[in-house]
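As structure tokens, the structure follows; a few thoughts come after it.
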Amino acid sequence: MRVLVCVKRVPITGGKIVLTANERAIETRHLGFTVSPHEECGLEEAVRIVEAHGGGTTVLTLGPPEAEEQLRDALALGIDRAVHLVTDGSDWDPEATTAALVAAIESDRAAGEDPDLIVFGSESADNGNYQVGIRVAHALGRPCVTGLKGLTVQDGHVRCEQEVGSGRDVYVVPLPAVVTVKEGINLPRYPSVPAKLRARRKPIERAEPAARAPRLEMVRLAVPSGPGRQAELLGEGPAAASAVVDVLRRLGVA
């Protein structure tokens, strides 16, 4: 059983986002980086599948040289092999990203490393396009199930569970297949210190894909305004008691 996980280097979720002066990029000097939360669960799921069924795991990323840090983290979690498609750090649109990933996967297939299961996060934490996993599946001609909260490999098939309002929808598709998983499908493990040290010494395969000309033009970025906070002065001392009671009644707690 060969499992390939595709991940992306993104700013740490919850960090304060500040734009550059031209509003065309995120100021990253004071930001930490990580793998998207959905993809962290994808890495954990791949390790669990191979622990249960045998085989090998590969992590693949398209990103700047600094993305090696995220690949090392994946190796420390138990992933066997890492492939880095090195870019200049510019953001690639879903079509260009798909083309680079598919070319890398086809290269592996030609070398006898054809993955039985390709795992993506449901969406990246920065752009949230929800497109790349589906595009890769279409390009490879493989079935694809998205937004999974449950995943089981059995008898040459993969059982996929999606959460819906009244329970779960279940799909059983044949391997090879492509899936996208959501945060919460599992609880990712923390790598041990020895595992991190071993990961530093493991080789990482690198290639430099040619970037396609973008078909979308970015005008500028904008940080959405927050809901803001408002305070209402109800009065002072005992005289404010009746106003407090009125507020509690409006809220349905009194």
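The table below lists the values:
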quantity: Vicinal HN-Hα couplings computed from phi for region 181-196 (Karplus, 6.51 cos²θ - 1.76 cosθ + 1.60; Hz; Gly/Pro x); calculated: 10, 10, 4, x, 5, 7, 10, x, 6, 9, x, 7, 4, x, 5, 5
quantity: Stokes-Einstein D for region 1-44, Kirkwood Rh over Cα pairs, 25 °C, 0.890 mPa s (µm²/s); calculated: 201 µm²/s
quantity: Residues of type aspartates and glutamates that Lys202 reaches as a straight line, Cα spacing below 14 Å, ignoring anything fewer than 8 places off in the same chain; calculated: Glu68, Glu69, Asp73, Asp80
quantity: Excluding exposed DSSP-loop trypsin sites (Lys or Arg not before Pro) (at most 16 other C-beta within 10 Å), longest clean stretch of the chain; calculated: 30-188
quantity: Heavy-atom accessible area per residue - the chain, 1.4 Å, Å²; calculated: 58 Å²
quantity: Environment charge of Thr152, counting only residues whose C-beta is closer than 11 Å and scoring Lys/Arg +1, Asp/Glu -1; calculated: -1
quantity: Additional length obtainable on full extension of the chain from Arg24 to Ala239, 0.36 nm per residue less Cα span; calculated: 72.1 nm
quantity: Rounded, prolate or oblate (a/c below 1.5 giving rounded, otherwise prolate when a/b exceeds b/c) for region 89-152 by Cα gyration tensor; calculated: oblate
quantity: Estimated vicinal HN-Hα couplings, Hz - region 70-78 in sequence order (Karplus 6.51, -1.76, 1.60; Gly, Pro = x); calculated: 5, 5, 4, 4, 5, 5, 5, 6, x
quantity: Global geometry of region 33-158, whether rounded, prolate or oblate, following the gyration tensor of its Cα atoms and the 1.5 cut on a/c; calculated: rounded
quantity: Nearest-0.05 FRET efficiency for His138 and Glu106, computed from C-beta distance (R0 22 Å); calculated: 0.95
quantity: Dipole in debye (nearest 20) - region 140-209, about Cα centre, beta carbon charges: Lys, Arg +1; Asp, Glu -1; calculated: 560 debye
quantity: Relative contact order (%) - the chain, alpha-carbon pairs under 8 angstrom, separation at least six; calculated: 24 percent
quantity: R0 of 25 Å, Cβ-Cβ distance Ala222-Glu66: FRET efficiency to nearest 0.05; calculated: 0.50
quantity: Förster radius 35 Å - calculated FRET efficiency between Ala207 and Glu163 (Cβ-Cβ, nearest 0.05); calculated: 0.45
quantity: Options (1) 14.3; (2) 20.0; (3) 15.8 - which one matches mean projected area of the Cα convex hull in nm² as calculated here; calculated: (2)
quantity: 20 Å Cα-Cα reach of Lys16 towards lysines, excluding residues that sit fewer than 8 places from it in its own chain; calculated: Lys8
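The values are calculated or read from the model by the stated rules, or taken from the named source; none is laboratory data. The model shown is predicted, which means the values in this text are computed figures rather than measured ones. Note: ideal-geometry Cβ built from the backbone for every residue, glycine included; neighbour counts use all protein chains shown. Side chains are part of the model used for accessible areas, which takes the heavy atoms of the whole protein and leaves out ligands, DNA and RNA. Shrake-Rupley method; radii C 1.70, N 1.55, O 1.52, S 1.80 Å.
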